[in-house]
Amino acid sequence: MPTLKAVRGTRDLLPPETALWNRIETTARQVFARYNFGEIRTPIFEDTSLFARSVGEETDIVSKEMYTWEDRARAQSEKPQSLTLRPENTAGVVRAYIEHKLGETGQLQKLYYIGPQFRRERPQKGRYRQFWQIGAEVIGPPSAGSESPLRDAEVLEMLATLLDTLGIAGWTLELNSVGSSADRERYNQVLRAALVDVAPKMCVDCQRRVVTNPLRVLDCKVPEDQPIIETLPKIGDSLGQDSKDHFAQVTAALEAAGVPYHLNPRLVRGLDYYTRTTFEFTHGGLGAQNALLGGGRYDGLSEAIGGPKAPGIGFAMGLDRLVLTLQAKEADHSSASPQVADAYIAPLGEALNAPALTLARELRRAGLHIELGDGSFRLKKSFEAADKAARRIVILGEDELQSGILTVKDFASGIQTKVPCVELAAHLAKPGGA
RNA sequence: GCGGCAGUAGUUCAGUGGCAGAACGCCUGACUGUGGCUCAGGAUGUCGUGGGUUCGAUCCCCACCCGCCGCCCCA
């Protein structure tokens, strides 16, 4: 039997790397709390139709990237249910919002999530089939202010603060408005009409996009096509007055708060539910996967899946990509240092194993990080093991057991001291070097 | 899904159609209750998997798997 390995596009996260993951998650939770967001946890799989109706039947995500299967029918008379591993989390959050009638509270719901998502794409660095997203949604009835441009600006300001707090330097906020669904429909027609004449002069990918998804032409990176793209109508010109005013208030609030942004009229996003404000935070050094996070408004999403009017705005950040960015930054001063315990307890002889466990129990209950050795080790081996795992070694031999006075050696200073058992916890709680 | 590059020890990587290598790391001892430094010795392994060519394949060929780069798309 061939050895089993993690399936394509999935991976194990091991210590010490997981410490960085935890740091990022903890920071995110702290920042979200300051903005009064609460955590929501939705199921990892949902009814397939939830994603078809929200993300969009024609999107790449739904049409070719989902892990979908038929759940066994419970009875002969029942039809099997089509289930799907979530490819994103906004749909699940909005489904929960509707299901639990959160709109009936009359309050704005501010919810964040952290969890794995699944898309069957070709793996690459920064792109996995099981990947992690940290996201948040602000959603509620219009009477709660859910459509206010202030909410958009607040979310963007929060993201800028979160990235800064994490220590991610050099991010760029790409901002655009794709208008209401009516605006977008109008623009699609205008764009299609304009492309009829110029498309034959463009790259083969663009010629295909003209048919499949004209908005995507704007995203083309082929240098020869750029002059042509410049001549195409801008989505901003197709926006209704309401959309224009809304967007103007978002940018005005960002400027007032001092959040730098870059207007990008070509920013188009691949999920059908986005309306009006859309954005990405990008970062160089991620290669082709340069988007750290993306998001936008989804004013019609709730209705699309059978709920009440509940405009909202949200984002999803790629946790895997945050980790990559921070690892690249911290590469020179080895962020991957293994964790180091306060002390290593070295029992001398197997008869000391049980007393050593008791001592470790007391110290751990006092809040210390303790590594417990083994009495079968020779002292030299205990020292070697201790030096790798801890800042100090506590020697527990027959002498120490009889006298109740333990031998403690600090590795950084090389100083060895005798410490009475009752004072040991306090002694070890002090920083190293003494 | 398409195009390209790669896969050898725990890790980073050399290498060759004829016995599988280095560095670091690991283990043992010198040193029986004192680590790091030093010295002596030792083990690293299905050479990604399966076929083919060949007297003989880790090396050449094919397929597959996995990773990486670009495209597509996205976080």
Of all residues making up the stretch A:48-80, the number that are open to solvent by less than 60 Å² (accessible area, probe 1.4 Å) and under 22 Å from A:Tyr274 (Cα atoms): 13
Scope the stretch A:397-409; condition without any contact (Cβ under 8 Å) to a residue 60 or more places away in the chain, open to solvent by less than 50 Å² (accessible area, probe 1.4 Å) and either aromatic (Phe, Trp, Tyr) or more than 8 Å from RNA strand B (Cβ to nearest atom) (or both); matching residues: A:Gly404, A:Leu406
A:Ala73, sole failed condition from (1) in contact with a Lys or Arg (Cβ under 7 Å, 6 or more places away or on another chain); (2) closer than 23 Å to A:Ala160 by Cβ; (3) more than 13 Å from RNA strand B (Cβ to nearest atom); (4) not polar (S, T, N, Q): (2)
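Okay, residues lined up against (1) at pLDDT 95 or above; (2) not small (Gly, Ala, Ser):
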position: A:Pro123; (1), (2): no, yes
position: A:Glu137; (1), (2): yes, yes
position: A:Pro149; (1), (2): yes, yes
position: A:Asp152; (1), (2): yes, yes
position: A:Ala160; (1), (2): yes, no
Residue among A:Lys430, A:Lys418 that alone is open to solvent by 70 Å² or more (accessible area, probe 1.4 Å), within 23 Å of A:Arg378 (Cβ to Cβ) and more than 9 Å from RNA strand B (Cβ to nearest atom): A:Lys418
Which numbered condition A:Thr277 fails, given (1) within 9 Å of RNA strand B (Cβ to nearest atom); (2) in contact with a His (Cβ under 8 Å, 6 or more places away or on another chain); (3) modelled with pLDDT of 95 or more: (1)
Candidate set: the stretch A:290-325, residues that are open to solvent by less than 10 Å² (accessible area, probe 1.4 Å) and of a type in the set (Val, Ile, Thr); chosen: the one nearest to RNA strand B (Cβ to nearest atom): A:Val323
Conditions (1) open to solvent by less than 50 Å² (accessible area, probe 1.4 Å); (2) not assigned by TED's automatic domain parsing to the domain that holds A:Glu280; number of the one not met by A:Pro200: (1)
Unique residue being closer than 29 Å to A:Asn22 by Cα, within 10 Å of RNA strand B (Cβ to nearest atom) and surrounded by fewer than 16 Cβ atoms within 10 Å (Cβ to Cβ) when the list is A:Gly367, A:Gly287, A:Gly349, A:Gly270: A:Gly287
Filter result (aliphatic (A, V, I, L, M) and under 30 Å from the mean Cα position of the chain (by Cα)) within the stretch A:208-223: A:Leu215, A:Val217, A:Leu218
Any hit, the stretch A:145-156, residues being surrounded by 16 or more Cβ atoms within 10 Å (Cβ to Cβ) and within 16 Å of RNA strand B (Cβ to nearest atom): yes
Residue among A:Ala193, A:Ala182, A:Ala169 that alone is touching a Lys or Arg at 6+ places or on another chain (Cβ under 8 Å) and surrounded by fewer than 17 Cβ atoms within 10 Å (Cβ to Cβ): A:Ala169
Among (1) modelled with pLDDT under 95; (2) assigned by TED's automatic domain parsing to the domain that holds A:Leu50; (3) open to solvent by 50 Å² or more (accessible area, probe 1.4 Å); (4) more than 9 Å from RNA strand B (Cβ to nearest atom) - the single one A:Pro227 does not satisfy: (2)
Strands (runs of 3 or more DSSP E) lying entirely in the stretch A:364-434 (those with 3 or more residues that are farther than 20 Å from A:Gly349 by Cβ): A:416-420
In the stretch A:261-304, the residues that are part of a loop (DSSP other than H, G, I, E, B) and more than 19 Å from the chain's Cα centre (by Cα): A:Tyr261, A:Asn264, A:Pro265, A:Arg266, A:Leu267, A:Val268, A:Asp272, A:Tyr273, A:Tyr274, A:Tyr298, A:Asp299, A:Gly300
Qualifying residue in the stretch A:81-101 (condition: surrounded by 15 or more Cβ atoms within 10 Å (Cβ to Cβ) and on the phi > 0 side of the Ramachandran plot): no
Condition met for A:Asn188 (open to solvent by 30 Å² or more (accessible area, probe 1.4 Å), outside the structural domain of A:Ala160 (by TED's automatic domain parsing) and touching a helix residue (DSSP H, G or I) at 6+ places or on another chain (Cβ under 7 Å)): yes
Some residue of the stretch A:424-433 being touching a residue at least 12 places away in the same chain (Cβ under 8 Å), over 39 Å from the mean Cα position of the chain (by Cα) and over 16 Å from A:Thr358 (Cβ atoms): yes
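The values are calculated or read from the model by the stated rules, or taken from the named source; none is laboratory data. Bear in mind the structure is a predicted one, so any value in this text is a computation, not a measurement. Neighbour counts are summed over all protein chains in view; Cβ atoms, including those assigned to glycine, are modelled from backbone coordinates with ideal geometry. Accessible surface areas use protein heavy atoms only, side chains included; no ligands, DNA or RNA. Shrake-Rupley method; radii C 1.70, N 1.55, O 1.52, S 1.80 Å.
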